[in-house]
Every structure is written in structure tokens, then in C-alpha cells.
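Trainee: Below is the structure I would like to discuss, written out as C-alpha cells.
We did not get these values from a lab; they are worked out from the coordinates using the rules stated. If you're wondering where the values come from, they're calculated on a predicted model, not measured in any experiment. Reconstructed Cβ throughout: ideal geometry from the backbone, glycine too, with neighbour counts over all protein chains shown.
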Amino acid sequence: MLSSTPPEAAPAEAAGGAGGRPRRLLLGAFGDPGHAFPTIALGRALRARGHDVTLQTWERWRPDVEREGMRFAAAPEYHVFPTRERPLKPFEAVTRATRDTLPLIRELEPDAVVSDILTLAPALAAELAGVPCGTLIPHIDPRAAPGAPPFSLGARLPRTPAGRALWDALAPLVGRGLAHGREELNETRARLGLPPQERVHGGISERLALVATFPQLEYPRSWPRGAHVVGPLLWEPPAGDVPLPPGDSPLVLVAPSTSQDADGRLVRAALTGLRHLDGVRTLVIGDREALVAATGPPAERMTIAPWASYARTMPACTAVLCHAGHGTLARALASGCVVIGAPMAGDMNECAARADWAGAGVRIPRRLIGPRSVRLAVQRALGDPRLKARAEELAAWYAARDPASDAAALVEELAAGRR
């Protein structure tokens, strides 16, 4: 069936679920936190429901995976994108990783495999072994709807027929790119002895695609039957509290992406731009020594911490200034915080645009990131009660559900042959 609104998962059943007995399951995740963390959340929920779970990901997450009661399997750590030092093409890496993963599947004999959208090897190895496989999309679904802008561009959904026609006119260009991706995937499939696929987005399972985001961030579209928007799958390593700035005025958390903003442009802009903003407290995540050297000592109502637990800190915040990576954005919205997105690359543009479209966020274009734009964006985020009300609506939606358990119930159905 197709629908124009996101198909949400049914409420999770008790332990044992639709499968009726414990299952042996293999999860595979790319090693970046934005992909590993949602997969760990899913694995934890499956373990809580009585299943034997193995998670294959990068070695850095071994202690966390084992702490959550799962078996750990080390994933081949090939770079997804070729570089001068590592000239391996993406689908050459996938071929090698699939062959490395197939013995693990034959050893485990899992009832089902769930593979992160960036981790094709477990999915292809599962297909070779005849094991049902689902896909975990740990962010907004990248499959664009007709009349909508291409994913990751960061353009808003058009409001007029003329706007939709403009994006439809560009669809052939986007289609050529998708067709090229299909050709590369089919080349990989041929090397592994698998038949070619006709559809684009061939790395997303038709049987089960878990879309781990807020349905309020998804543009209306016709949804494939196997797609379920379960809500964000949130997890983070254990951490303690950090001291907050004194007072009871609104608290703004500045939570940058260290991988996309190594020179601290956003943090430096926040420290300078918010220094003299009355009635606002600021908690900044960053290297205190380097930031003080760059911008001077922080104001009295500012605190700089090297790291903080978002799960423990964001509920005390009114707004979160970030680069709009999906994990940070989803945690902020689940905590009822207005998101101020200053995207740097990739799907950050899309996440910031969706938060803006959903009425729960403010955007700062990358080219305009600076003290003045940060100050103005924070003033708007704190001064418009509609933004806070909408963020609290999303937080209430999240609090009324258990997305990880709902996702686990769908995996149980896949393992039981009901998908």
C-alpha cells in the first residue's frame, strides 16, 4: 500500500514479539556515531526483547556494544570514499567487505540481518546466504518525493505548482545520477554472483526499511510498503553531568560537529556573538584553551566544556545551536529544544531545512555563519513562542512512544518470515 503520510510502526509487543521465540540477529553499522549509535539503540531493544544480537561495526565501539549485552564483530574498516592515500573505489570496498562478512553470516546463521544504509556488505552477504535483510535509515529518508528538491540540497518543499514544476524539470538530471549509482551497485552484485537490480536505491531493502526520524520531518510522499518511520533511535555512551552556567534564564547549548568544523568556526561565532546578549546563558562544547586564545575569556553566563551528555544536558536547554547532523538534531527535538541549524556538509543541509519546514528550527546558511548571524538566529529562536511550542510537540510525540522497541518488533516480523 502507498500513502502520502509516513507509515509509523505499530506499538511494540512484549518480549518475544511477533516471532514467538528468541531469534538470532545480525546488525551491521557504519562506524561514524550518526550510524553506529542508532544501530546500538536498535540492538539494545532487541536484546531487551530476549534476542541473541551480534553487531558488526568498527572496533572503537566494541566496549559499548558489549556493555549493552550484544556480541561484537569487527567490521572491515574500508573508507567509503576514495582518497589519494586510499584509492579503493566505494563499490570495490563493498565487494571486499561482503566477502569478508559472508563467513560471519554462515557462522552465526542469523534469522535476519539489518544493515545500516551506508553498510551494504552485510546486506549483500545476507542475500548470498539466503537470509532476509532489512535496512536501517538512521536519518531522513533520502528517496525524494515527486516535486520535491533532491535530498541533501537543503531546499525547502515548494509551496506552488511552479516550484514543483521546477524541481520536476531537474528530475532527469538527478535520475542520471541515481542510474549511475545503480550501475555501480550492479557491477558489485555481478562480481559477487548476484543478479542485477532494475530499481534505483537498490541498497534499501524492499522488505523492511526502518526510517529512524520524526515523521514530522518527512515531506508528504507515496511510501513504499516496506518503509516504516519509527522515530529517532537515540543512544549515547554513558557520561556524567557538566556544570551549567549560573542562573535560570534560557540556556542555549552550542553543540558543534568536530568532524565538519575542525577550526571551530561556529563555536567562535557563538562565543563572540552571544557574549553581550542579555538574558541568555550559553553552554559551549569545545576546547576551552583554544577558544579562550581565539575569542578571549567567556562571559560570566557562559560555560565551556570539553564534552557533555546530550541526553542529560538538552532537557535543561531552550535551544540548541548545532551543525544539524541528524543525531544532534533529533536529540534536541526529543528534548523539546528549538534547533538553530548551521549546516556545513552532506545531509546537515537537509536536516536544517526540514527543521525549518516543520516549524521547530531556524537556519543559518553556511556562508553567513558569524557572530551577528548567530546572535540574530538565537534571538529569533528564543523570541518566537511558536518555535518552542512546535519543538515541544515533537518532544511529546517522542515521549509517548518507544521507537527502538517499535523498530525491534518490525525486525521480529522480518525474522519470523512475516515480511
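Trainee: On average, how much area does the Cα convex hull of the stretch 251-399 cover when viewed from any direction, in nm²? All intermediate terms of the calculation are to be shown ahead of the outcome.
Mentor: Values: hull surface 31.0 nm².
Averaged projected hull area, Cα only: 7.8 nm².
Trainee: Scan the chain and note any complete DSSP helix (H) whose C-alpha atoms cover at least 20 Å along its axis and whose Kyte-Doolittle average is -0.5 or more.
Mentor: On the way: long enough: 33-48 (22 Å, 0.32); 90-108 (26 Å, -0.15); 171-192 (31 Å, -0.63); 385-399 (21 Å, -0.47).
The answer, listed by residue number, is 33-48, 90-108, 385-399.
Trainee: Suppose every K and R has +1 on its Cβ and every D and E has -1 on its Cβ; what is the size of the dipole of the chain about the Cα centre, in Debye to the nearest 20? Numbers along the way, then the final one.
Mentor: Numbers: 49 positive and 44 negative charges, 165 e Å.
Magnitude of the dipole: close to 800 debye.
Trainee: Next question, about the same structure. For the stretch 118-251, what's the radius of gyration and Dmax over Cα atoms, in angstrom?
Mentor: According to the Cα coordinates of the stretch 118-251, Rg and Dmax are 19.5, 64 Å.
Trainee: Here is a follow-up. With springs only between Cα atoms under 10 Å apart, run a GNM on the chain and tell me which of A45, A239, A358 wobbles the most.
Mentor: Answer for the Gaussian network model of the chain: A239.
Trainee: Hey, what number do you get for the chain at 222 nm if only DSSP H runs of n ≥ 4 count, each worth -39500 (n - 2.57), divided across all residues, to the nearest 500? The partial results should precede the final answer.
Mentor: Values: 14 runs with 163 residues, N = 419.
Result for the chain, helices only: -12000 deg cm²/dmol.
Trainee: Across every pair of different alpha-carbon atoms, what Kirkwood hydrodynamic radius in Å does the stretch 289-372 reach? Walk me through the numbers before you get to the answer.
Mentor: Working: mean 1/r = 0.0727 Å⁻¹.
Value: 13.8 Å, from the Cα pair sum.
Trainee: Does the chain come out rounded, prolate or oblate, given a ≥ b ≥ c as the square roots of the eigenvalues of its C-alpha gyration tensor, rounded meaning a/c under 1.5 and, failing that, prolate meaning a/b above b/c? Could the numbers behind the result be given before it?
Mentor: Values: a/c = 1.66, a/b = 1.49, b/c = 1.12.
It is prolate, given that a/c is not under 1.5 and a/b is the larger ratio.
Trainee: Might you report the magnitude of the Cβ-based charge dipole of the stretch 281-411 about its Cα centre, with Lys and Arg at +1 and Asp and Glu at -1, to the nearest 20 debye? List each step's numbers first, then the result.
Mentor: Working: 16 positive and 11 negative charges, 92 e Å.
About 440 debye.
Trainee: Shifting gears a bit: With the cut-off at 1.5 for a/c, could you classify the stretch 133-190 from its C-alpha gyration tensor as rounded, prolate or oblate?
Mentor: In terms of gyration-tensor shape, oblate.
Trainee: Moving to a separate point now. If you take the charge dipole of the chain about its Cα centre, with +1 on Lys and Arg Cβ and -1 on Asp and Glu Cβ, which of V242, A290, L414 is farthest toward its positive end?
Mentor: Among V242, A290, L414, the one farthest towards the positive end of the dipole of the chain is A290.
Trainee: First select every other residue whose beta carbon is under 15 angstrom from the beta carbon of A299; then total the charges, Lys and Arg +1, Asp and Glu -1. The partial results should precede the final answer.
Mentor: Details: positive: R268, R275, R281, R288, R301, R375; negative: D278, E300.
Once positives and negatives cancel, what remains is +4.
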